[in-house]
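Okay, so here's the structure we're looking at.
The values are calculated or read from the model by the stated rules, or taken from the named source; none is laboratory data. All figures in this text were calculated on a predicted structure; none of them were measured in a lab. Cβ placement follows ideal geometry from the backbone for every residue including glycine, while neighbour counts extend to all protein chains displayed. The protein model used for the area step is the full one, side chains on, heavy atoms only, and it has no ligands, DNA or RNA in it. Shrake-Rupley method; radii C 1.70, N 1.55, O 1.52, S 1.80 Å.
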Amino acid sequence: MKTLIIEDDQDIIDSISLAFRLYWPETEVIYANLGAAGIEMVRTEAPETVVLDLGLPDITGFEVLKQIRLFSSVPVIILTVRSQEEDVVRALEGEATDYLTKPFRQKELIARIQAHSTQWMTNEIRKSVKNMENPVS
Ligand code: CA
């Protein structure tokens, strides 16, 4: 299991790393400080979940999400200080999988990541079995 954190705040990165060490140490956690690098890492590293900050130095989290959705259905969990309802709605409309505001509860973050990644992987397996049963020829 691999999770990609796209976040520029070192305190948040440390907090997420600690949460994984405590509650899900088997997970490989990789990081990007910039949106553009994050999009590239979704492509090259194929993580099973992405945790995405909305306020990044280069491009907005919304733009990152839009770019990721062009080629991947990976679960994306938005993590942000913004708690306004319109941001929540906008993130979910942009096909975010879930939304958590900072400060977040570490155990809750891990539980959500586990739930979304498990569900997504199950769907992916189901899809590939279906493709084997009904090969496109
Ligand atoms: Ca930020």
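General observations
- Cβ-based net charge around PRO47, under 9 Å, with every Lys or Arg adding one and every Asp or Glu removing one: -2
- Label point at SER15 placed 7 Å out along Cα→Cβ; residues across segment 24-57 whose backbone nitrogen lies under 16 Å: 51-56
- A DSSP coil position with no more than 11 other Cβ atoms inside 10 Å describes the following trypsin sites (Lys or Arg not before Pro) in segment 92-137: ARG105.
- Extension gain, GLU40-GLU93: 0.36 nm per intervening residue step, less the Cα-Cα distance, totals 16.8 nm.
- Charged neighbours of THR122, selected by a Cβ distance under 15 Å, balance to +1 (K, R count +1; D, E count -1).
- Carbon and sulfur %, accessible surface of the chain computed with the full protein complex present, 1.4 Å: 52
- Take every pair of alpha-carbon atoms less than 8 Å apart whose residues are at least six positions apart; their mean separation over the length of the chain yields a relative contact order of 23 percent.
- With all pairs of different C-alpha atoms in the average, the Kirkwood value for the hydrodynamic radius of segment 63-137 is 14.1 Å.
- Listed residues VAL64, VAL50, VAL89, most fluctuating in the chain (Gaussian network, C-alpha, under 10 Å): VAL89
- Virtual paramagnetic centre 7 Å along Cα→Cβ of LYS107, amide N under 17 Å, in segment 16-31: 16, 18-25
- In segment 58-137, chymotrypsin sites (Phe, Trp or Tyr not before Pro) in a DSSP loop with at most 16 other beta-carbon atoms within 10 Å: PHE71
- Per residue solvent-accessible surface (Å²) - segment 11-62, probe of 1.4 Å: 47
- Fluctuation leader among SER17, SER72, SER117 - the chain, Gaussian network, Cα springs under 10 angstrom: SER72
- Each Lys and Arg adds +1 at its Cβ and each Asp and Glu adds -1 at its Cβ; summed about the Cα centre, segment 2-133 shows a dipole of about 460 debye.
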